[in-house]
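The values are calculated or read from the model by the stated rules, or taken from the named source; none is laboratory data. None of these values were measured; they are calculated from a predicted model. Neighbour counts are summed over all protein chains in view; Cβ atoms, including those assigned to glycine, are modelled from backbone coordinates with ideal geometry.
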Amino acid sequence: MEADRDGTPTSGEDSDPVETHVGILTGRSAPDLTDDGREIASRLETRGYAVDPIVWTDDAVDWTEYDVVVVRSCWDYHTDLERFRSLLETLERADLAVYNPPSVIRWNAHKSSLVDLEAAGVPVPETIPLEAGTEASLEGIMREHGWTDAVVKPAVGARSTGVWRTSLEDAPSDQALFETACANGDVVVQRFAPEIERGERSIVFVRGECSHAWNDPTKPDDFSDFEEPQLSYEPTDDLIEAARTALETACDLLECDPGRLLYARVDYVERDGDLLVMELELIEPYLGLSRTEGALERFVDAIDALGR
């Protein structure tokens, strides 16, 4: 084939554009992706992307084949944290775009991130982090801080696994359980927020902009009076702005642009009309993309914008 001076072909068909290859990172419980994940993949493929599910524990992956990696449903990352951290380091060294960025995921994987947010002025329940092996009195912690009720959580965990509630009255009898938790890993002790009994609310941000929200009460054994989720829940503008401020505060701490975060979920309860942040989820949160019309398309638009 002849070419002109700049190397452009002068005859024959133009070369096909290079296909952008996207890997969607998932866990062992959903190796073929979740329902939402499969829908995301399908919609990306209609836009000309090549898309593969990748189980995060698969050591045989050739990362040079990918241009973009989307971290989505690695719900078991906390069961082998060192391996997950090693994966984040591998992704940082690879020549590809990762959403959310590994530095953000690494910070958010440990619940001491809530302490960072609290120090930066974000309203969160009072939280005391304890390193693995710490010898402490659960009752003593509660008395020192004037708490009558508290929640003990693994500092690295998913959903409600290993989470339990205690009271000042029950703390002495819960001490053995507390000592076991501290022996097994880092722990946080958090002041119980009674508002959680009415359910926890969530606002999802896509590239820093509010996408949708819901009121989803915790399960019957997770401290709440169980009711059906309010799928049509609409937070007030003030609550949305408060959630946005929490997200932007985290981005300030991490020196990242909110618009470069593919997703964020702010979980909260309302206290006296204001927002109290229970969790800021930046790793693998359920995003409820099928709950609200247009949410899936907004998410795929975001990948499209970040991945090109």
| query | Which ones in the range 139-171 are touching a helix residue (DSSP H, G or I) at 6+ places or on another chain (Cβ under 9 Å), assigned to a helix (DSSP H, G or I) and either surrounded by 15 or more Cβ atoms within 10 Å (Cβ to Cβ) or in contact (Cβ under 8 Å) with a residue 12 or more places away in the chain (or both)? | reply | E139, I141, M142, R143, A171
| Can you find a residue in the range 147-167 that is on the phi > 0 side of the Ramachandran plot and touching a Pro at 6+ places or on another chain (Cβ under 8 Å)? | yes
| Within the range 172-193, can you find the residues that are out of contact with any Pro (no Cβ under 9 Å at 6 or more places or on another chain) and either surrounded by 21 or more Cβ atoms within 10 Å (Cβ to Cβ) or modelled with pLDDT under 95 (or both)? | F178
| query | Considering the range 72-107 alone, what residues qualify as being within 17 Å of the chain's Cα centre (by Cα), closer than 22 Å to V22 by Cβ, crowded, with 17+ Cβ neighbours inside 10 Å and in contact (Cβ under 8 Å) with a residue 40 or more places away in the chain? | reply | R72, S73, C74, W75, D76, Y77, Y99, N100, P101, V104, I105
| query | Which of the residues spanning the range 165-194 are charged (D, E, K, R), touching a Phe, Trp or Tyr at 6+ places or on another chain (Cβ under 9 Å) and closer than 30 Å to A242 by Cβ? | reply | R165, R191
| message | Among the residues that make up the range 227-237, is at least one of them crowded, with 20+ Cβ neighbours inside 10 Å and modelled with pLDDT under 95? | response | yes
| field | Of all residues making up the range 248-264, the number that are crowded, with 23+ Cβ neighbours inside 10 Å and under 20 Å from I303 (Cα atoms) | value | 4
| query | Within the range 194-226, can you find the residues that are at pLDDT below 95, out of contact with any Gly (no Cβ under 8 Å at 6 or more places or on another chain), surrounded by 14 or more Cβ atoms within 10 Å (Cβ to Cβ) and not in a helix (DSSP H, G or I)? | reply | G199, E200, R201, A213, D222, F223
